[in-house]
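See below for the structure under consideration.
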Amino acid sequence: MLSQLRDMIWSDWIWFPEGHGWADLKNHGGHVFPQTQDLWATIPIAFCFLIIRQIFERKVAIPLASLLGVSDKQRVCAPPNPTLESYFCSTSKHPTQSSIDSLSKQTGCSVRQVQRWFRRRRNQDRPSKLKKFQEASWRFTFYLLAFFAGLAVLVDVSTLSDSGLFPLLTSQYWYYMIELGFYISLLFSIASDVKRKDFKEQVVHHVATILLISFSWLVNYIRAGTLIMLVHDAADYLMESAKMFNYAGWRRTCNFIFTVFAAVFIVTRLVILPFWIIHTTWVYPLTLYRPFLGYYFFNGLMFVLQLLHIFWAGLIVRMVIKFLPGNDIVEDERSDKEETESEDEDDSRERREKSIINGHVLNGHTPLNSKHWKRD
């Protein structure tokens, strides 16, 4: 039963155009082609990346952060309070005004003290600048090396004759295995990495990328897959380097790199990818074959990535607009900002002003109705 189901899922007519099948990808004529079992190598590679990352962040990223002047502000910890801690962990990290009033009565603390406790408690859970820098420096190192490796593989592939099925080169094998292993390691570590506002989009991106790379390997779309990975790596290392200088407080350097990143991102993700690569994978096969399920599956994943690129391009444009006029440092739209005590005072003052307007408090008395001041 299971063997029949497997044979049905991997039928030639599902994944290949008419006249082609899995038999075409068997090694023959002295040429090597991608094999399904090759993908198992990406699992140990992913675990190796997780180990190497821990070593890199401790032995390389921390000294580099110290050299660039990355420092964290001293955070004031929230004092122990079982009632507030229970509410924070089980109910909400952002209590409503009515909940704050209720908690104030339960704990015997003033409203202001409850507000300050939650603000400090939220700050405790936020990742430090050093942790963000470690993560950014690790990704920067990989993306930079992967970009130049992709260029080398592209030159290697260009030496092949343009005929029929393309045999697998050694450089392509390692490029695919390392890239796929890295994205699998990101999926493994995403729970412990810095949480950003686009967390769900990041998960979708990682899953779609893993499926796309794996499928392009299985059906020998390795040329298209190489171009797709290269186009992505072209901008990613610039973004990570801008983050590194942002955390170090190097404003002008950060702004310059981010401007270059924005230009490269728009050209590669919103021009080259959709109008060259996706256009080729979507239009060219139809001139040779009738549509098949594998054709829709591959291009469907491409469109998912393209939608995510459009979403991120909107965030990038917003950040560029923010820092250009005032020449301020770039703030990552996806990151939560640390709350300060001054914000707590502003919130308290705003609530107090609203209560005055609504007639709740005015020196201990209900304010006069505004109608009493009107002239007949």
Any idea how far the Cα center of segment 164-232 sits from the one of segment 56-94, in Å? 32
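With a 1.4 Å probe and every protein chain kept in, tell me what percent of the accessible surface of segment 1-44 is carbon plus sulfur. The partial results should precede the final answer.
Details: 2130 of 3280 Å².
In segment 1-44, the share of accessible area belonging to carbon and sulfur is 65 percent.
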Whole-Hz Karplus ³J(HN,Hα) for segment 72-89, in order, using 6.51 cos²θ - 1.76 cosθ + 1.60 and θ = phi - 60°, x for Gly and Pro? 10, 6, 5, 8, 8, 6, 6, x, x, 7, x, 5, 5, 5, 5, 5, 4, 7
State the percentage of accessible surface on segment 127-223 attributable to carbon and sulfur atoms; use a 1.4 Å probe and exclude ligands, DNA and RNA. 70
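Filter 200/243; 73/322; 93/200; 131/243 down to the pairs with a C-alpha to C-alpha distance above 18 Å, please.
Details: 200/243 21 Å; 73/322 24 Å; 93/200 20 Å; 131/243 12 Å.
Those over the limit are 200/243; 73/322; 93/200.
Would you mind telling me the share, in percent, of accessible area of segment 82-125 contributed by carbon and sulfur at probe 1.4 angstrom?
Numbers: 1140 of 2410 Å².
Solvent-exposed carbon and sulfur of segment 82-125 make up 47 percent of the total.
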Provide the per residue accessible area, probe 1.4 Å, for segment 82-125, rounded to a whole number of square angstrom. 55
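The values are calculated or read from the model by the stated rules, or taken from the named source; none is laboratory data. Here the structure is a predicted model, which is why all the values come from computation and not from measurement. To get the accessible areas, we keep the full protein, side chains included, count just its heavy atoms, and leave off ligands, DNA and RNA. Shrake-Rupley method; radii C 1.70, N 1.55, O 1.52, S 1.80 Å.
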